[in-house]
1. Within region 55-72, is even one residue in a helix (DSSP H, G or I) and modelled with pLDDT under 75?
2. Do we have Ala37 as among the small types (Gly, Ala, Ser) and modelled with pLDDT of 85 or more here?
3. Mind listing whichever residues of region 24-54 are loosely packed, with under 10 Cβ neighbours inside 10 Å and not in a helix (DSSP H, G or I)?
4. Return the residues of region 22-54 that are of a type in the set (Val, Ile, Thr) and within 17 Å of Gly73 (Cα to Cα); say none if nothing qualifies.
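The values are calculated or read from the model by the stated rules, or taken from the named source; none is laboratory data. In this text, all values refer to a predicted model and were calculated from it rather than measured experimentally. Virtual Cβ from ideal backbone geometry, glycine too; neighbours counted across all protein chains shown.
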Amino acid sequence: MLPQVLAGLGLLSLISAGCLFWLERLQPLFFMVAVGALAYQVWAVRRRAPNLRTVGMKAILALSLMLNGVVIGLWVALSIRYR
């Protein structure tokens, strides 16, 4: 039973390494999708008439921008740290 478990762990490790490789290669795509989504959010809010921009809508947009800023900042810090 132990050889099967070790073989399964080896296969799992190989799959994990392959996924990590592709995730690292696709980072620029994920970044561009996130920036595009933020740009769309800002555009959708700015397109509304000023009297239709509710406080909740502005709060959601501000929170989204702030959270994405934190994630991008941490991503840059980690990429600098582990290179």
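1. Filtering region 55-72 for residues in a helix (DSSP H, G or I) gives 55-72.
Among the residues that remain, those that are also modelled with pLDDT under 75 are: none.
No, the conditions are met nowhere in region 55-72.
2. Working: among the small types (Gly, Ala, Ser): yes; modelled with pLDDT of 85 or more: yes.
Yes.
3. Answer for region 24-54, where residues must be loosely packed, with under 10 Cβ neighbours inside 10 Å and not in a helix (DSSP H, G or I): just Ala49.
4. Val33, Val35 - these are the residues of region 22-54 that are of a type in the set (Val, Ile, Thr) and within 17 Å of Gly73 (Cα to Cα).
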